[in-house]
1. Could you sort the peptides 75-81, 112-118 by per-residue average Cβ neighbour count (10 Å cutoff), highest mean leading?
2. Can you give me the long-range amide H partners of residue 304? Hydrogens built in the peptide plane at 1.01 Å from N, cutoff under 5 Å, separation of 5 or more residues or another chain.
3. So if I take the alpha carbon set of region 256-339, get Rg, then get Rh from the Kirkwood formula, what is the Rg over Rh ratio?
4. What base-10 log of the normalised intensity I(q)/I(0) is obtained for region 45-147 from the Debye formula, alpha carbons as equal point scatterers, at q = 0.16, 0.22 Å⁻¹?
5. Relative contact order of the chain, please, whole-number percent, based on alpha carbon pairs below 8 angstrom and at least 6 residues apart.
6. Let me spell out the model: positive unit charges on the Cβ of Lys and Arg, negative unit charges on the Cβ of Asp and Glu, origin at the Cα centre of region 204-318. What dipole size does that give, in debye rounded to 20?
7. Binning at 10 angstrom from zero up to the longest distance, how are the C-alpha pair distances of region 1-90 distributed in percent?
8. Pop the C-beta distance of residue 126 and residue 238 into the FRET formula with R0 = 45 Å and round what comes out to the nearest 0.05.
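The values are calculated or read from the model by the stated rules, or taken from the named source; none is laboratory data. Remember, it's a predicted structure, so these values are computed and weren't measured experimentally. Glycine also receives a Cβ, built like all others from the backbone with ideal geometry; neighbour counts cover every protein chain displayed. Surface accessibility is based on the protein's heavy atoms, side chains included, excluding ligands, DNA and RNA. Shrake-Rupley method; radii C 1.70, N 1.55, O 1.52, S 1.80 Å.
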Amino acid sequence: MEMKKTYLAVIVIQAIYAGMNLLSKAAFDGGMNNFIFVFYRQAAATAFLVPVAVFLEWKTAPPLSFVTFCKIFLLSLCGITLSLDIYGIALVYTSATLAAATTNCLPVITFFLALLFGMEALKLRTKPGIAKLIGIIICITGVSCLAFFKGPHFRILWHFHPFGDHHHSPQHPHHLSAGKSWIKGVFLMLLSNFFWGLFLVFQVEVMKSYPSKLLLTALQCLLSSVQSFAIAVAMERHPSQWELRWNVRLLAVAYCGIVVTGVTYYLQAWVIEKKGPVFLAMSTPLALIITILCSAILLGEVVTLGSILGGFLLILGLYSVLWGKTREQKTNAESSLPTEKENSELKEIVTKSII
């Protein structure tokens, strides 16, 4: 029964992320400014998380030093504010399907950054090391395929538009051709994942000095709200863009701020506790499959062969890196176990010390 619950949990998690891509794209196509959207999203997340975090962890939280606060501020700026702002711009230029596809290269980017900062090792003389390298190369090929190859177009004839029929966002720069816009969007999406990867790598170091996870997340959301507000005010000062009415804009903000931040945080922590981080990472392609189907039906997006092929290569690269990482961890765990001879010697030493 518990196994079924974990599988159901990862399906719900990836469905929530697919919904995030779809609703964000619908809001942007409806004319919402992406910088303002990020501010409202983070403000909603802050309003949801801060009371919960204070109630659960305030008494047990360690003191927050000025140096740690500065680290958290920079981490929020790099990994949340810039990552989400760039993601929003990229989503305006591209599609929800592309956003879900490029998410599959996040574990590969994170591994590459950890390798760059000396937190990971790449042993090319071992099978796991070769698998990791092949995975990185396949991911690069997949991104190139997404950016430069489109191929035949596929459209579902029986789609409908619950969010309105918006094919052209007013934020699109008209002087750019569709091809150049798409390529720019792909690399911006990759840059967004790069910043998020940096966030994941340096988060480990910050959590050593401030281990209260829920309070740390709430503080990052609060700081990101302030940062994203400053950017949004600088980029957009027209009052009408700041209005939230009972439409897809409000739905997208509430969904991304509360459901994505709140529900997925709990579910991901639960799945990692039960099955480990690799199991969760391996479920990432589900978001792409759900997004392709829903974006074609709900948003009327045209799916190209290049998007499907690029997404497939990113998934293949993801699994190659994860396989190498899993095998490497298993080998390290086995080598760290004491051998039979070492066990005998240890038993003899313990016996003599007791006597």
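1. 75-81, 112-118
2. 154
3. With Rg and the Kirkwood Rh in hand, the quotient comes to 1.12.
4. -0.98, -1.19
5. Details: 461 pairs, mean separation 149.8, N = 355.
Value for the chain: 42 percent.
6. Dipole magnitude for region 204-318 comes out near 220 debye.
7. P(r) for region 1-90, in whole percents per bin: 13, 29, 33, 22, 3.
8. Numbers: r = 57 Å, r/R0 = 1.27.
Efficiency computed from Cβ-Cβ geometry: 0.20.
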